[in-house]
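Taking it in order: structure first as C-alpha coordinates, then the write-up.
The values are calculated or read from the model by the stated rules, or taken from the named source; none is laboratory data. Quick caveat: nothing in here was measured; it's all calculated off a predicted structure. Glycine also receives a Cβ, built like all others from the backbone with ideal geometry; neighbour counts cover every protein chain displayed. These accessible areas exclude ligands, DNA and RNA; they are computed on the full protein's heavy atoms, side chains included. Shrake-Rupley method; radii C 1.70, N 1.55, O 1.52, S 1.80 Å.
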Amino acid sequence: QFATRVVSCRAAELRPEGGGEPVRGFQVVLEDTILFPEGGGQPDDRGLIGSVPVLRVSRQGSEAVHFVPAPLEPGAEVLLSLDWERRFDHMQQHSGQHLITAIADQMFGFKTTSWELGRQRSVIELDTPSMTAEQREALERSVNEKIRARVPVTVRELPADAPELQTVRGRGLPDDHAGPVRVIDIEGIDSNLCCGTHVSNLSDLQVIKLLGTEKGKKNKTNLVFLAGNRVLKSIEQSHDTEKALTSLLKNGPGEHVEAVKRLQNSVKQLQKNNLNLLRDMAVLIARDFKSKPVQSQLFVLHRKEGDSEFMNIIANEIGTEETLLFLTVGDEKEAGLFLLAGPVEAVENLGPRVAELLEGKGAGKRGRFQGKATKMSRRGEVQALLQEFITHRSPEL
(Lines give C-alpha, C1' and ligand atoms only; values in the text may rest on other atoms or scores of the structure.)
Protein backbone atom coordinates (compact mmCIF):
# COMPACT_ATOMS: atom_id res chain seq x y z
CA GLN A 1 0.00 0.00 0.00
CA PHE A 2 1.04 3.57 -0.64
CA ALA A 3 -0.40 6.92 0.46
CA THR A 4 -0.49 9.59 -2.23
CA ARG A 5 -2.58 12.47 -3.58
CA VAL A 6 -4.82 12.90 -6.64
CA VAL A 7 -3.37 15.40 -9.12
CA SER A 8 -6.03 15.30 -11.83
CA CYS A 9 -9.13 13.40 -12.94
CA ARG A 10 -10.85 13.63 -16.32
CA ALA A 11 -13.59 11.68 -18.10
CA ALA A 12 -12.34 9.11 -20.63
CA GLU A 13 -13.12 5.81 -22.30
CA LEU A 14 -11.28 2.49 -22.12
CA ARG A 15 -11.36 -0.06 -24.93
CA PRO A 16 -11.37 -3.60 -23.43
CA GLU A 17 -8.37 -5.79 -24.25
CA GLY A 18 -10.61 -8.49 -25.74
CA GLY A 19 -12.52 -6.01 -27.89
CA GLY A 20 -16.08 -4.80 -27.50
CA GLU A 21 -17.73 -1.54 -26.58
CA PRO A 22 -15.58 1.09 -24.83
CA VAL A 23 -16.01 1.43 -21.05
CA ARG A 24 -16.70 4.92 -19.71
CA GLY A 25 -14.64 6.06 -16.76
CA PHE A 26 -11.93 8.46 -15.68
CA GLN A 27 -8.20 8.92 -16.18
CA VAL A 28 -6.51 9.73 -12.88
CA VAL A 29 -2.96 11.02 -12.35
CA LEU A 30 -1.46 10.69 -8.86
CA GLU A 31 1.53 12.48 -7.31
CA ASP A 32 3.29 9.11 -7.33
CA THR A 33 2.27 5.50 -7.79
CA ILE A 34 3.29 1.93 -7.02
CA LEU A 35 1.29 0.57 -9.98
CA PHE A 36 3.43 -0.27 -13.00
CA PRO A 37 2.16 1.10 -16.33
CA GLU A 38 2.31 -1.34 -19.24
CA GLY A 39 5.57 -1.23 -21.17
CA GLY A 40 8.75 -3.12 -22.07
CA GLY A 41 6.84 -6.29 -22.87
CA GLN A 42 5.24 -6.37 -19.39
CA PRO A 43 1.51 -5.83 -18.76
CA ASP A 44 0.36 -3.22 -16.26
CA ASP A 45 -0.44 -3.70 -12.60
CA ARG A 46 -3.90 -3.72 -11.04
CA GLY A 47 -5.03 -2.49 -7.65
CA LEU A 48 -7.29 -0.04 -5.81
CA ILE A 49 -7.30 3.71 -5.24
CA GLY A 50 -9.16 3.76 -1.95
CA SER A 51 -12.02 1.40 -2.76
CA VAL A 52 -12.08 2.21 -6.50
CA PRO A 53 -10.61 -0.52 -8.75
CA VAL A 54 -7.90 0.42 -11.23
CA LEU A 55 -8.77 -1.16 -14.60
CA ARG A 56 -5.72 -0.06 -16.58
CA VAL A 57 -2.44 1.79 -16.00
CA SER A 58 -0.74 3.34 -19.02
CA ARG A 59 2.24 5.62 -19.53
CA GLN A 60 1.73 9.02 -21.12
CA GLY A 61 5.09 10.74 -21.25
CA SER A 62 6.48 10.80 -17.73
CA GLU A 63 3.10 10.19 -16.11
CA ALA A 64 1.32 6.97 -15.13
CA VAL A 65 -2.38 7.31 -15.96
CA HIS A 66 -4.82 5.18 -13.95
CA PHE A 67 -8.18 4.36 -15.54
CA VAL A 68 -10.94 3.97 -12.94
CA PRO A 69 -14.74 3.60 -13.20
CA ALA A 70 -15.55 6.35 -10.66
CA PRO A 71 -14.27 9.93 -10.33
CA LEU A 72 -11.73 11.00 -7.69
CA GLU A 73 -11.41 14.50 -6.28
CA PRO A 74 -8.19 16.34 -7.29
CA GLY A 75 -6.16 17.18 -4.19
CA ALA A 76 -7.65 14.34 -2.16
CA GLU A 77 -5.33 12.05 -0.20
CA VAL A 78 -5.82 8.41 -1.19
CA LEU A 79 -4.43 5.00 -0.24
CA LEU A 80 -3.16 3.02 -3.21
CA SER A 81 -3.27 -0.79 -2.89
CA LEU A 82 -1.40 -3.17 -5.20
CA ASP A 83 -2.66 -6.53 -6.51
CA TRP A 84 0.41 -8.38 -5.25
CA GLU A 85 -0.41 -11.77 -6.78
CA ARG A 86 -0.52 -10.24 -10.28
CA ARG A 87 2.61 -8.15 -9.63
CA PHE A 88 4.66 -11.10 -8.31
CA ASP A 89 3.60 -13.26 -11.27
CA HIS A 90 4.83 -10.57 -13.65
CA MET A 91 8.07 -10.22 -11.66
CA GLN A 92 8.72 -13.96 -11.97
CA GLN A 93 8.02 -14.05 -15.71
CA HIS A 94 10.03 -10.90 -16.46
CA SER A 95 13.10 -11.90 -14.44
CA GLY A 96 12.77 -15.37 -15.95
CA GLN A 97 12.88 -13.84 -19.42
CA HIS A 98 16.06 -11.88 -18.59
CA LEU A 99 17.71 -15.06 -17.32
CA ILE A 100 16.68 -17.20 -20.32
CA THR A 101 17.70 -14.46 -22.75
CA ALA A 102 21.16 -14.08 -21.17
CA ILE A 103 21.91 -17.83 -20.97
CA ALA A 104 20.60 -18.53 -24.51
CA ASP A 105 22.99 -15.88 -25.80
CA GLN A 106 25.94 -17.18 -23.76
CA MET A 107 25.41 -20.83 -24.65
CA PHE A 108 24.34 -20.66 -28.30
CA GLY A 109 24.62 -17.04 -29.46
CA PHE A 110 20.83 -16.81 -29.81
CA LYS A 111 19.86 -13.15 -29.47
CA THR A 112 16.42 -12.14 -28.15
CA THR A 113 14.61 -9.82 -30.58
CA SER A 114 11.34 -9.44 -28.64
CA TRP A 115 9.23 -11.10 -25.96
CA GLU A 116 5.64 -11.21 -24.70
CA LEU A 117 4.38 -11.79 -21.18
CA GLY A 118 1.06 -13.55 -21.83
CA ARG A 119 -1.77 -14.38 -19.46
CA GLN A 120 -1.10 -18.13 -19.58
CA ARG A 121 2.43 -18.41 -20.96
CA SER A 122 5.28 -16.19 -22.09
CA VAL A 123 7.16 -16.21 -25.39
CA ILE A 124 10.71 -15.13 -26.25
CA GLU A 125 11.50 -14.50 -29.91
CA LEU A 126 15.02 -15.74 -30.67
CA ASP A 127 17.04 -14.67 -33.68
CA THR A 128 17.61 -18.21 -34.98
CA PRO A 129 15.70 -20.23 -37.60
CA SER A 130 15.61 -23.30 -35.34
CA MET A 131 16.44 -24.68 -31.91
CA THR A 132 17.01 -28.37 -31.27
CA ALA A 133 15.43 -30.32 -28.44
CA GLU A 134 18.91 -30.94 -27.05
CA GLN A 135 19.65 -27.20 -26.99
CA ARG A 136 16.34 -26.49 -25.25
CA GLU A 137 16.99 -29.15 -22.61
CA ALA A 138 20.52 -27.82 -21.97
CA LEU A 139 19.18 -24.27 -21.66
CA GLU A 140 16.51 -25.38 -19.20
CA ARG A 141 19.08 -27.19 -17.05
CA SER A 142 21.36 -24.15 -17.02
CA VAL A 143 18.72 -21.57 -16.03
CA ASN A 144 17.45 -23.77 -13.20
CA GLU A 145 21.03 -24.23 -11.95
CA LYS A 146 21.27 -20.41 -11.71
CA ILE A 147 17.99 -20.33 -9.75
CA ARG A 148 19.30 -22.93 -7.29
CA ALA A 149 22.51 -20.89 -6.93
CA ARG A 150 20.42 -18.02 -5.45
CA VAL A 151 22.01 -15.35 -7.64
CA PRO A 152 21.13 -11.76 -6.54
CA VAL A 153 19.19 -9.42 -8.84
CA THR A 154 19.79 -5.71 -8.29
CA VAL A 155 18.55 -2.41 -9.73
CA ARG A 156 20.77 0.54 -10.64
CA GLU A 157 19.78 4.01 -11.82
CA LEU A 158 22.38 5.73 -13.97
CA PRO A 159 22.54 9.03 -15.87
CA ALA A 160 21.57 8.60 -19.53
CA ASP A 161 25.13 9.54 -20.56
CA ALA A 162 26.92 7.22 -18.11
CA PRO A 163 29.91 5.47 -19.84
CA GLU A 164 29.08 2.07 -18.28
CA LEU A 165 25.85 1.97 -20.26
CA GLN A 166 27.95 1.03 -23.30
CA THR A 167 28.31 -2.50 -21.86
CA VAL A 168 24.66 -2.88 -20.88
CA ARG A 169 22.34 -4.95 -23.06
CA GLY A 170 19.25 -3.16 -24.38
CA ARG A 171 17.27 -2.11 -27.42
CA GLY A 172 17.52 1.63 -26.87
CA LEU A 173 15.36 4.11 -24.96
CA PRO A 174 11.89 5.45 -25.86
CA ASP A 175 11.93 8.74 -27.74
CA ASP A 176 10.13 10.50 -24.88
CA HIS A 177 12.41 9.14 -22.15
CA ALA A 178 13.62 11.63 -19.57
CA GLY A 179 15.67 11.31 -16.39
CA PRO A 180 17.93 8.48 -15.18
CA VAL A 181 18.26 5.11 -16.88
CA ARG A 182 17.29 1.93 -15.04
CA VAL A 183 19.56 -1.14 -15.25
CA ILE A 184 18.68 -4.63 -14.01
CA ASP A 185 21.73 -6.70 -13.01
CA ILE A 186 21.72 -10.47 -12.55
CA GLU A 187 25.02 -10.82 -10.74
CA GLY A 188 27.72 -12.25 -13.00
CA ILE A 189 25.19 -13.14 -15.71
CA ASP A 190 23.48 -10.10 -17.25
CA SER A 191 23.04 -6.33 -17.23
CA ASN A 192 20.02 -4.99 -19.07
CA LEU A 193 18.21 -1.70 -19.60
CA CYS A 194 14.71 -2.31 -18.26
CA CYS A 195 11.75 -0.40 -16.83
CA GLY A 196 9.94 -3.51 -15.56
CA THR A 197 9.46 -5.12 -12.16
CA HIS A 198 11.76 -7.96 -11.05
CA VAL A 199 12.54 -10.33 -8.18
CA SER A 200 15.49 -9.50 -5.92
CA ASN A 201 17.03 -12.97 -6.13
CA LEU A 202 16.80 -15.72 -8.77
CA SER A 203 15.67 -18.13 -6.05
CA ASP A 204 12.34 -16.25 -6.07
CA LEU A 205 11.75 -17.67 -9.56
CA GLN A 206 11.41 -21.16 -7.96
CA VAL A 207 11.69 -22.98 -11.31
CA ILE A 208 11.54 -22.36 -15.08
CA LYS A 209 9.97 -24.75 -17.55
CA LEU A 210 10.62 -24.39 -21.27
CA LEU A 211 7.47 -25.75 -22.91
CA GLY A 212 8.89 -25.92 -26.43
CA THR A 213 9.47 -23.87 -29.55
CA GLU A 214 7.20 -22.61 -32.31
CA LYS A 215 8.02 -21.25 -35.75
CA GLY A 216 8.23 -17.47 -35.55
CA LYS A 217 8.67 -14.72 -38.09
CA LYS A 218 11.15 -15.14 -40.93
CA ASN A 219 14.26 -16.92 -39.57
CA LYS A 220 13.00 -16.54 -35.97
CA THR A 221 12.06 -19.10 -33.33
CA ASN A 222 9.55 -18.53 -30.51
CA LEU A 223 10.57 -20.12 -27.21
CA VAL A 224 7.60 -20.70 -24.88
CA PHE A 225 8.18 -20.77 -21.12
CA LEU A 226 6.61 -20.69 -17.66
CA ALA A 227 8.26 -19.40 -14.50
CA GLY A 228 7.52 -19.73 -10.79
CA ASN A 229 3.93 -20.18 -9.68
CA ARG A 230 2.80 -20.68 -13.27
CA VAL A 231 4.77 -23.94 -13.34
CA LEU A 232 3.01 -25.11 -10.17
CA LYS A 233 -0.40 -24.15 -11.57
CA SER A 234 0.37 -25.95 -14.82
CA ILE A 235 1.32 -29.11 -12.91
CA GLU A 236 -1.87 -28.89 -10.86
CA GLN A 237 -4.01 -28.49 -14.00
CA SER A 238 -2.22 -31.37 -15.70
CA HIS A 239 -2.70 -33.56 -12.63
CA ASP A 240 -6.42 -32.75 -12.46
CA THR A 241 -6.75 -33.57 -16.16
CA GLU A 242 -4.83 -36.80 -15.63
CA LYS A 243 -7.13 -37.84 -12.78
CA ALA A 244 -10.23 -37.07 -14.85
CA LEU A 245 -8.89 -39.07 -17.82
CA THR A 246 -7.97 -41.99 -15.54
CA SER A 247 -11.55 -42.07 -14.30
CA LEU A 248 -13.07 -41.79 -17.80
CA LEU A 249 -10.73 -44.17 -19.62
CA LYS A 250 -10.40 -46.68 -16.78
CA ASN A 251 -6.64 -47.03 -17.15
CA GLY A 252 -3.41 -45.43 -15.93
CA PRO A 253 -1.82 -42.19 -17.22
CA GLY A 254 0.75 -44.12 -19.28
CA GLU A 255 -2.07 -45.71 -21.30
CA HIS A 256 -4.16 -42.58 -21.90
CA VAL A 257 -2.79 -41.79 -25.36
CA GLU A 258 -3.36 -45.28 -26.73
CA ALA A 259 -6.84 -45.39 -25.21
CA VAL A 260 -7.77 -42.09 -26.89
CA LYS A 261 -6.39 -43.32 -30.22
CA ARG A 262 -8.61 -46.41 -29.96
CA LEU A 263 -11.62 -44.22 -29.17
CA GLN A 264 -10.87 -41.95 -32.14
CA ASN A 265 -10.70 -44.95 -34.46
CA SER A 266 -14.00 -46.23 -33.07
CA VAL A 267 -15.65 -42.85 -33.55
CA LYS A 268 -14.40 -42.61 -37.15
CA GLN A 269 -15.80 -46.06 -37.91
CA LEU A 270 -19.12 -45.20 -36.27
CA GLN A 271 -19.32 -41.95 -38.24
CA LYS A 272 -18.64 -43.84 -41.45
CA ASN A 273 -21.31 -46.41 -40.61
CA ASN A 274 -23.74 -43.63 -39.70
CA LEU A 275 -23.16 -41.89 -43.04
CA ASN A 276 -23.78 -45.11 -44.91
CA LEU A 277 -27.02 -45.67 -42.97
CA LEU A 278 -28.15 -42.11 -43.69
CA ARG A 279 -27.51 -42.61 -47.41
CA ASP A 280 -29.49 -45.88 -47.38
CA MET A 281 -32.27 -44.20 -45.42
CA ALA A 282 -32.42 -41.34 -47.94
CA VAL A 283 -32.83 -43.79 -50.80
CA LEU A 284 -35.59 -45.70 -48.96
CA ILE A 285 -37.45 -42.47 -48.10
CA ALA A 286 -37.40 -41.43 -51.75
CA ARG A 287 -38.49 -44.85 -53.02
CA ASP A 288 -41.34 -44.96 -50.51
CA PHE A 289 -42.60 -41.62 -51.81
CA LYS A 290 -42.32 -42.70 -55.45
CA SER A 291 -44.13 -45.99 -54.79
CA LYS A 292 -47.36 -44.26 -53.78
CA PRO A 293 -50.12 -44.43 -56.42
CA VAL A 294 -50.76 -40.70 -56.29
CA GLN A 295 -47.75 -38.52 -55.64
CA SER A 296 -48.11 -35.14 -53.97
CA GLN A 297 -46.68 -32.10 -55.74
CA LEU A 298 -45.06 -31.09 -52.42
CA PHE A 299 -42.73 -33.28 -50.38
CA VAL A 300 -41.68 -32.01 -46.92
CA LEU A 301 -39.31 -33.81 -44.56
CA HIS A 302 -37.49 -32.81 -41.39
CA ARG A 303 -34.93 -34.95 -39.61
CA LYS A 304 -32.76 -34.05 -36.62
CA GLU A 305 -29.80 -36.12 -37.85
CA GLY A 306 -28.52 -35.60 -41.38
CA ASP A 307 -26.48 -33.42 -43.67
CA SER A 308 -26.55 -31.79 -47.10
CA GLU A 309 -25.69 -35.07 -48.82
CA PHE A 310 -28.66 -36.78 -47.11
CA MET A 311 -31.03 -34.14 -48.49
CA ASN A 312 -29.51 -34.13 -51.97
CA ILE A 313 -29.77 -37.94 -52.25
CA ILE A 314 -33.50 -37.71 -51.53
CA ALA A 315 -33.89 -34.96 -54.13
CA ASN A 316 -31.93 -36.98 -56.70
CA GLU A 317 -33.97 -40.13 -56.11
CA ILE A 318 -37.38 -38.43 -56.18
CA GLY A 319 -36.61 -36.15 -59.10
CA THR A 320 -37.52 -32.49 -59.13
CA GLU A 321 -39.11 -31.98 -62.53
CA GLU A 322 -42.66 -32.24 -61.19
CA THR A 323 -42.29 -32.28 -57.38
CA LEU A 324 -41.36 -29.41 -55.08
CA LEU A 325 -39.23 -30.64 -52.15
CA PHE A 326 -38.55 -28.85 -48.87
CA LEU A 327 -36.03 -30.74 -46.72
CA THR A 328 -34.46 -29.72 -43.40
CA VAL A 329 -32.02 -31.29 -40.95
CA GLY A 330 -30.99 -30.17 -37.46
CA ASP A 331 -32.45 -29.42 -34.05
CA GLU A 332 -35.92 -27.94 -34.48
CA LYS A 333 -35.26 -25.33 -31.77
CA GLU A 334 -31.87 -24.28 -33.07
CA ALA A 335 -30.01 -23.75 -36.35
CA GLY A 336 -29.83 -26.27 -39.19
CA LEU A 337 -29.64 -26.86 -42.93
CA PHE A 338 -32.36 -26.62 -45.57
CA LEU A 339 -32.84 -27.60 -49.21
CA LEU A 340 -35.54 -26.41 -51.59
CA ALA A 341 -35.60 -28.40 -54.83
CA GLY A 342 -38.00 -28.50 -57.75
CA PRO A 343 -38.78 -26.87 -61.09
CA VAL A 344 -36.16 -24.20 -61.84
CA GLU A 345 -38.56 -21.27 -62.10
CA ALA A 346 -40.34 -22.17 -58.86
CA VAL A 347 -37.11 -22.56 -56.90
CA GLU A 348 -35.67 -19.29 -58.22
CA ASN A 349 -38.85 -17.54 -57.09
CA LEU A 350 -39.25 -19.25 -53.71
CA GLY A 351 -35.64 -19.89 -52.58
CA PRO A 352 -34.82 -16.40 -51.25
CA ARG A 353 -38.23 -16.17 -49.55
CA VAL A 354 -37.67 -19.53 -47.82
CA ALA A 355 -34.22 -18.39 -46.57
CA GLU A 356 -35.75 -15.15 -45.30
CA LEU A 357 -38.49 -16.98 -43.38
CA LEU A 358 -35.91 -19.28 -41.77
CA GLU A 359 -33.69 -16.25 -41.01
CA GLY A 360 -30.86 -17.93 -42.88
CA LYS A 361 -28.65 -17.62 -45.91
CA GLY A 362 -28.47 -19.70 -49.03
CA ALA A 363 -27.77 -19.86 -52.72
CA GLY A 364 -29.03 -21.92 -55.60
CA LYS A 365 -28.80 -23.00 -59.21
CA ARG A 366 -30.46 -25.47 -61.55
CA GLY A 367 -33.55 -25.97 -59.46
CA ARG A 368 -31.89 -26.26 -56.06
CA PHE A 369 -31.58 -23.66 -53.31
CA GLN A 370 -29.83 -24.65 -50.09
CA GLY A 371 -28.21 -23.03 -47.11
CA LYS A 372 -28.19 -22.54 -43.35
CA ALA A 373 -31.21 -21.62 -41.23
CA THR A 374 -31.18 -20.07 -37.77
CA LYS A 375 -34.93 -20.48 -37.11
CA MET A 376 -35.85 -24.07 -37.86
CA SER A 377 -39.00 -23.56 -35.78
CA ARG A 378 -40.50 -21.55 -38.69
CA ARG A 379 -40.61 -24.57 -41.00
CA GLY A 380 -44.42 -24.55 -40.77
CA GLU A 381 -44.56 -21.07 -42.27
CA VAL A 382 -42.37 -22.21 -45.16
CA GLN A 383 -44.59 -25.23 -45.78
CA ALA A 384 -47.67 -22.97 -45.86
CA LEU A 385 -45.93 -20.68 -48.36
CA LEU A 386 -45.03 -23.61 -50.63
CA GLN A 387 -48.54 -25.10 -50.41
CA GLU A 388 -50.07 -21.76 -51.36
CA PHE A 389 -47.67 -21.48 -54.29
CA ILE A 390 -48.62 -24.94 -55.56
CA THR A 391 -52.36 -24.22 -55.16
CA HIS A 392 -52.13 -21.13 -57.36
CA ARG A 393 -49.49 -22.38 -59.80
CA SER A 394 -50.35 -26.08 -60.06
CA PRO A 395 -50.89 -26.02 -63.84
CA GLU A 396 -47.32 -24.75 -64.34
CA LEU A 397 -45.92 -27.42 -62.05
Problem set entry | Lone qualifier among LEU35, LEU48, LEU79 - being assigned to a loop (DSSP other than H, G, I, E, B) and in contact (Cβ under 8 Å) with a residue 12 or more places away in the chain | LEU35
Exercise. Do we find a residue being of a type in the set (Lys, Arg), surrounded by 19 or more Cβ atoms within 10 Å (Cβ to Cβ) and either touching a Pro at 6+ places or on another chain (Cβ under 8 Å) or touching a residue at least 24 places away in the same chain (Cβ under 8 Å) (or both) anywhere in region 149-157?
Worked result: no
For this session: Scan (1) within 30 Å of ALA149 (Cα to Cα); (2) without any contact (Cβ under 8 Å) to a residue 24 or more places away in the chain for the single condition ILE186 breaks and write down its number.
Result: (2)
For this session: Of the conditions (1) open to solvent by less than 90 Å² (accessible area, probe 1.4 Å); (2) over 20 Å from ILE186 (Cα atoms), ILE235 clears all except one; give me its number.
Result: (1)
Exercise. Within region 194-209, is there a residue that is assigned by the TED database to the domain that holds GLU145, within 26 Å of SER234 (Cβ to Cβ), among the hydroxyl-bearing types (Ser, Thr, Tyr) and open to solvent by 30 Å² or more (accessible area, probe 1.4 Å)?
Worked result: yes
For this session: Evaluate the following for THR167: is it under 18 Å from THR101 (Cα atoms), open to solvent by 60 Å² or more (accessible area, probe 1.4 Å), of a type in the set (Ser, Thr, Tyr) and at pLDDT 95 or above?
Result: no
Exercise. For region 306-317, does any single residue satisfy the condition of being of a type in the set (S, T, N, Q), farther than 22 Å from MET281 by Cβ and either open to solvent by 60 Å² or more (accessible area, probe 1.4 Å) or free of Cβ contacts under 8 Å to residues at least 24 places away in the same chain (or both)?
Worked result: no
Exercise. Which residue pairs have Cβ atoms under 8 Å apart, sit 6 or more places apart or on different chains, and have a first residue in region 369-394 that is of a type in the set (Lys, Arg) and a second that is open to solvent by 80 Å² or more (accessible area, probe 1.4 Å)?
Worked result: LYS372/LYS361; LYS375/GLU359; ARG378/GLU359; ARG379/GLU332
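Residues checked against (1) open to solvent by 30 Å² or more (accessible area, probe 1.4 Å); (2) within 15 Å of PHE26 (Cβ to Cβ); (3) under 25 Å from the mean Cα position of the chain (by Cα):
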site	(1), (2), (3)
ARG46	yes, no, yes
GLY50	yes, yes, no
VAL54	no, yes, yes
SER62	yes, no, no
LEU82	yes, no, no
SER95	no, no, no
GLY109	yes, no, no
ALA133	yes, no, no
For this session: Could you grab the pairs with beta carbons closer than 8 Å, sequence gap of 6+ or different chains, first residue in region 107-121 and under 19 Å from LEU139 (Cα atoms), second one basic (Lys, Arg)?
Result: THR113/LYS220; ARG121/ARG230
